[in-house]
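The structure appears below as structure tokens.
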């Protein structure tokens, strides 16, 4: 998704900011899930 947004920068019109925010939220969610998975693996 990040590479698509980067390639289409300036051509997404009014929705570009919303899509960039969504990408950031997805990245933060991934990092949080990764941290939780790593913590669970350390406990096992």
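Here are the numbers for the structure shown:
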quantity	calculated
The range 23-41 residues that are surrounded by 10 or more Cβ atoms within 10 Å (Cβ to Cβ), paired with ones that are assigned to a helix (DSSP H, G or I) (beta carbon under 7 Å, 6 or more apart)	23/2; 23/5
Extreme residue, surrounded by the fewest Cβ atoms within 10 Å (Cβ to Cβ), among residues of the range 1-15 that are touching a helix residue (DSSP H, G or I) at 6+ places or on another chain (Cβ under 8 Å) and assigned to a helix (DSSP H, G or I)	2
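The numbers here are math on the coordinates, done by the rules we state, and not lab data. This one's a predicted model, so the numbers in the text were calculated from it and none came from an experiment. FYI the Cβ positions are ideal-geometry reconstructions off the backbone, even for glycines, and counts take in every protein chain you see.
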